[in-house]
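> Before we start, here is the structure in question, set down as structure tokens.
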Amino acid sequence: MADNSHSRAGGNPAYADWVRVEIGELADVIAGGTPKAGDPDNFAEPGTGIAWLTPADLSGYEQKYIAHGKRDLSQQGYDSSSAKLMKAGSLLFSSRAPIGYVAIAQNDISTNQGFKNFVFTEHVSPDFAYHYLCSIRELAESLGTGTTFKEISGSTAKTLPFILPPLAEQKVIAEKLDTLLAQVDTTKARLERIPDIIKRFRQSVLAAAVSGKLTEEWRGNVKIDWCQTTLNECSDRIGDGLHGTPNYNDDGEYFFVNGNNLINGSLKIKESTKKVDFEEYSKHKKELGTNTLLLSINGTIGNLALYNGEPVMLGKSACYINLKDTVNRNFGYHLLSSLHFNQYAHEVATGATIKNVPLKGIRNYKFSLPPLEEQTEIVRRVEELFAFADTIEQKAAAALERVNNLTQSILAKAFRGELTAGWRAANPELISGDNSAEALLAKIQAEREALALDKKAVKKPRKKKA
């Protein structure tokens, strides 16, 4: 039986017989290594050499088991480094950049020095250990030291806490967690798809709006007075901003804005946005009115803003469209937000690295323009549907946040014994006597001590110098 230096996982009777230990009492902690990176002969394609991992291989990796990383080590690379081959079932735990990624070795595998790997005996379920290590990631991160990047040392890794239930209960906990967390992942994946679904919905609304389908019933199924026109015919003026660099003045009162300041319908001033004084502003200002749209036409194409009288100076990547009174500005905004316009703008854009839509292309954009009364109705319907979409998106985002917190909540319940309380009551013989956690710990310690003695006995003596 375990001695009194090991504490029971006290508090909740459902797991009163579990024992708390340091992980170094149950597992060998083994670091990895890297051969000289400048020698390509030290490495091999995945699946052709000796499997080898870096923490980067676990970044975004969501599977429990892993077989290899982005590249293997060649035999030369393995022999020339301190990398060690971990047997299948070993727990691979990143110890820096960042701390706490974890996976189970699907086959024999090695790692670089950014890991502290845990090799348990057969009395600890790898699946149980995997879930437990996932649950203490924040704790492991808090123990990291270093200035350039945080890292936990081998000695610190050995002191990480570990909870040891009876072996049968370990397996039940792991199975329950596999089931529950798979359901969480499925729910999370569905919620993460909602923004794309909402985006497609908005585009379908805009397509219906500018084609007349959205107000078909309203107008009586006949496209009365919709006329084919161009932006040029619907505008008093279409132009862009200053081609060149203005004289900046940190004490100036006017911001110099470009296409990247046009965000979600508004003109946004960023920390990096520079200023000009009144003289520079007066020299280059454009006549913008209450029916003006701003459109990004260089670099990022298609950002839009409704101009609301801000006294700003425009750069060349910001195009202004002074619409005539025959066009409802909000209808124009939705028109230029549509996929039809976006595709057109990219088709007429010039340039290989940085795309630019010429003003001629903007002026020549053709579309169907409904009467003002119908434009107003279209805007009302679009905004009503968009508000509905916003509500769904907000609810989905809130649900996703709750789901993201659910994994840690489930893990916490598991390691408080709450997931197996009923199982324990139904299977007392699997958690008591020789099957108890304390008996299991004593068995593990005895086997590790015997193994250590065997290794010491067969250790080769050092050669004496001649």
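The values are calculated or read from the model by the stated rules, or taken from the named source; none is laboratory data. All figures in this text were calculated on a predicted structure; none of them were measured in a lab. Note that each Cβ is placed from the backbone with ideal geometry, even for glycine, and that neighbours are counted across all protein chains shown. Heads up: the accessible areas ignore ligands, DNA and RNA and are worked out on the full protein's heavy atoms, side chains in. Shrake-Rupley method; radii C 1.70, N 1.55, O 1.52, S 1.80 Å.
> Which pairs break 26 Å Cα to Cα here: 87/171; 64/456; 87/443?
64/456
> Turning to a different aspect of this structure: So how far apart, in nm, are the two label points at residue 230 and residue 218 if each is 7 Å from Cα heading toward Cβ?
2.9 nm
> Same structure, new question: Normalising by the residue count of the chain, find the relative contact order in percent from Cα pairs under 8 Å and 6+ residues apart.
17 percent
> Moving on to the next point. Taking a ≥ b ≥ c as the square roots of the eigenvalues of the Cα gyration tensor of region 335-403, is the shape rounded (a/c under 1.5), prolate (a/b larger than b/c) or oblate?
Here region 335-403 falls in the oblate category.
> Over all directions, the average projected area of the alpha-carbon convex hull for region 164-307 comes to how many nm²?
Averaged projected hull area, Cα only: 17.8 nm².
> For region 350-359, just list the computed ³J(HN,Hα) in residue order, Karplus coefficients 6.51, -1.76 and 1.60, θ = phi - 60°, integers in Hz, with x standing in for Gly and Pro.
10, x, 8, 7, 10, 6, 9, 8, x, 4
> Rounded to the nearest 0.05, what FRET efficiency is calculated for residue 67 and residue 204 with R0 set to 45 Å and r the Cβ-Cβ distance?
Here the calculated transfer efficiency is 0.60.
> When the solvent-accessible surface of protein heavy atoms is calculated with a 1.4 angstrom probe, in what order do 20, 219 fall, highest first?
Result, largest first: 20, 219.
> What percentages make up the Cα-Cα pair-distance distribution of region 334-466 when the bins are 5 Å wide from 0?
Answer for region 334-466: a P(r) of 2, 7, 7, 7, 7, 7, 7, 6, 5, 5, 4, 5, 5, 7, 7, 6, 4, 2, 1, 0, 0 percent.
> Still on this model: Compare 360, 268 by solvent-accessible area with a 1.4 Å probe and give them largest first, with all protein chains kept in place.
The ranking, largest first, comes out as 360, 268.
> Shifting gears a bit: If you average 1/r over every pair of different alpha-carbon atoms in region 14-142 and take one over that average, what Kirkwood value in Å do you get?
So the Kirkwood estimate lands at 15.0 Å.
> Under 8 Å for C-alpha pairs, at least 6 residues apart: give me the relative contact order for region 243-322, rounded to a whole percent.
Once normalised by length, the contact order is 39 percent.
> Hey, another quick one. Could you give me the radius of gyration and the Dmax of region 103-202, taking only the C-alpha atoms into account and expressing both in angstrom?
Answer for region 103-202, Rg first and Dmax second: 18.0, 56 Å.
> Also, I was wondering about something else. Provide the per residue accessible area, probe 1.4 Å, for region 149-203, rounded to a whole number of square angstrom.
Per-residue value: 53 Å².
> Shifting gears a bit: What length, rounded to one decimal in nm, is gained on full extension from residue 211 through to residue 324, with 0.36 nm per residue of separation minus their alpha-carbon distance?
Length gained, residue 211 through residue 324: 38.6 nm.
> Using 14 Å as the cut-off for backbone N distance, which residues of region 165-197 belong to the label zone defined by a point 7 Å from the Cα of residue 401 along Cα→Cβ?
none
> Output wanted: per-residue J couplings in Hz (rounded whole) for region 256-273, from phi through Karplus 6.51 cos²θ - 1.76 cosθ + 1.60, θ = phi - 60°, x for Gly and Pro.
Whole-Hz 3J(HN,Hα) from phi for region 256-273: 9, 10, 10, x, 6, 8, 9, 9, 6, x, 10, 8, 9, 8, 9, 4, 7, 5.
> When the Cα centres of region 185-222 and region 93-164 are compared, how far apart do they sit, in Å?
46 Å
> Going by amide H atoms built from the backbone, whose H comes under 5 Å of the H on residue 97, apart from near neighbours?
150
> Now a separate question. Along the charge dipole of region 105-262, which of 183, 249, 235 sits closest to the positive end, that is, farthest toward it, with unit charges on the beta carbon of Lys, Arg, Asp and Glu (+1, +1, -1, -1)?
183
> Describe numerically, in nm with one decimal, the distance between label points set 7 Å from Cα along Cα→Cβ at residue 364 and at residue 122.
Using points 7 Å along Cα→Cβ, the separation is 7.8 nm.
> How large is the direction-averaged shadow of the alpha-carbon convex hull of region 213-290, in nm²?
Orientation-averaged projected area of the Cα hull: 8.1 nm².
> Using C-alpha positions alone, give me the convex hull volume of the chain per residue in cubic angstrom.
Roughly 253 Å³ of hull volume per residue.
> Could you look at region 69-122 and say what percent of its accessible area is carbon and sulfur, using a 1.4 Å probe and all protein chains?
Using a 1.4 Å probe with all protein chains present, region 69-122 comes out at 47 percent carbon and sulfur.
> Heads up, I need the accessible area for residue 224: 1.4 angstrom probe, whole protein in place, Å², nearest 10.
Per-residue accessible area (residue 224): approximately 90 Å².
> Continuing with this model, one more query. Could you look at region 232-343 and say what percent of its accessible area is carbon and sulfur, using a 1.4 Å probe and all protein chains?
Taking all protein chains in place, region 232-343 shows 41 percent carbon and sulfur surface.
> Amide H to amide H under 5 Å from residue 237: which residues, 5+ apart in sequence or cross-chain, H placed 1.01 Å off N in plane?
Those lying under 5 Å, H to H, from residue 237 are 322.
> Still on this structure, please answer the following. Quick check: convex hull of the Cα atoms in region 408-455, volume per residue, rounded to a whole Å³?
Convex hull of Cα atoms, per residue: 85 Å³.
> I need the phi-derived Karplus couplings for region 45-50: 6.51 cos²θ - 1.76 cosθ + 1.60, θ = phi - 60°, integer Hz, Gly and Pro marked x.
Karplus-based 3J(HN,Hα) across region 45-50 equals 5, x, x, 10, x, 9 Hz.
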